[in-house]
Amino acid sequence: MDSILKNLTLDNLQTKLNSVKNKLVLSETEQMLEEATSNEHCHANLSLLNDIADRAGTYSDYQKIINHIEKTLQSEKQKWRRLLKTLFLVEHLLRVGNNRFGTSLNGFSYKIKDLKSFKFNDEKGEEKGGSIREKASFIIELLDDSEKLEEEKRSYKEWKNRISGVSSSGN
């Protein structure tokens with residue numbers, strides 16, 4: 001029991017409580033979004049991002065996805081991992097989703113543009129904004145250049161087909 005209490009920090013307790021709350025209150029799509037954009041160290045895996053993209057086909061889930069992205073783009077700087085993961089999700093949805101996703105993003109692209117100058121130093125004094133600035137710049141570039149976005153979609157489909165071909169041939 002003592003070892004459990006020693007490892008129980010306020011952050012750990014908050015994470016565990018949020019996990020339980022999410023399972024009780026949130027829909028499956030919302031749970032997937034929380035997992036994909038958590039403030040944890042690891043990135044969301046590709047299958048999770050693909051599952052979210054697949055769910056964007058229904059109106060209610062599409063709205064949940066858009067609302068979640070808009071909300072998480074307003075996260076405080078200390079949750080820089082959440083911001084970065086949200087940008088990874090946005091990039092993925094731009095690549096695999098339909099064109100209405102890009103149109104929906106234009107309504108709050110100013111939030112993404114603001115992240116092009118994101119700066120945050122962690123408790124060790126390390127600057128953590130570089131990846132966020134790069135990803136935000138790339139997303140704005142895709143939103144501003146429909147030809148580049150179409151090329152990214154094409155490249156992703158080609159890559160996915162190559163990967164599928166390799167895995168289905170047993171290599």
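Within segment 48-77, restricting attention to residues that are part of a helix (DSSP H, G or I) and hydrophobic (A, V, I, L, M, F, W, C), which residue is farthest from Ile140 (Cα to Cα)?
Restricting to residues being part of a helix (DSSP H, G or I) and hydrophobic (A, V, I, L, M, F, W, C), the top hit is Leu48.
Every residue in segment 71-107 that is acidic (Asp, Glu) and within 28 Å of Arg154 (Cβ to Cβ), please. Can you show your working first?
Taking segment 71-107 as the starting set, the residues that turn out to be acidic (Asp, Glu) are 76, 91.
Glu91, the sole residue that qualifies.
Taking interchain pairs and intrachain pairs at least six residues apart, which have beta carbon atoms under 8 angstrom, with the first residue in segment 106-122 and under 11 Å from Leu73 (Cβ atoms) and open to solvent by less than 90 Å² (accessible area, probe 1.4 Å) and the second acidic (Asp, Glu) and in a helix (DSSP H, G or I)?
So the pair list comes out as Phe108/Glu70; Lys111/Glu70.
In segment 85-95, how many residues are open to solvent by 20 Å² or more (accessible area, probe 1.4 Å) and touching a helix residue (DSSP H, G or I) at 6+ places or on another chain (Cβ under 6 Å)?
Of the residues in that region, 1 qualify.
Filter segment 35-45 down to the residues that are within 11 Å of the chain's Cα centre (by Cα) and free of Cβ contacts under 8 Å to residues at least 24 places away in the same chain, then identify the one that is surrounded by the fewest Cβ atoms within 10 Å (Cβ to Cβ).
Across segment 35-45, the extreme among qualifying residues is Asn45.
Across segment 58-70, what is the number of residues that are open to solvent by 30 Å² or more (accessible area, probe 1.4 Å) and either touching a residue at least 40 places away in the same chain (Cβ under 8 Å) or within 12 Å of the chain's Cα centre (by Cα) (or both)?
Residues meeting the conditions: 1.
Considering Trp159, Trp80, which residue is surrounded by fewer than 19 Cβ atoms within 10 Å (Cβ to Cβ), of a type in the set (A, V, I, L, M, F, W, C), out of contact with any Pro (no Cβ under 8 Å at 6 or more places or on another chain) and not in a loop (DSSP other than H, G, I, E, B)?
Among Trp159, Trp80, only Trp159 is surrounded by fewer than 19 Cβ atoms within 10 Å (Cβ to Cβ), of a type in the set (A, V, I, L, M, F, W, C), out of contact with any Pro (no Cβ under 8 Å at 6 or more places or on another chain) and not in a loop (DSSP other than H, G, I, E, B).
The values are calculated or read from the model by the stated rules, or taken from the named source; none is laboratory data. Please read all numbers here as calculations on a predicted model, not as lab measurements. Here Cβ is always computed from backbone atoms with ideal geometry, including for glycine, and neighbour counts include all displayed protein chains. To get the accessible areas, we keep the full protein, side chains included, count just its heavy atoms, and leave off ligands, DNA and RNA. Shrake-Rupley method; radii C 1.70, N 1.55, O 1.52, S 1.80 Å.
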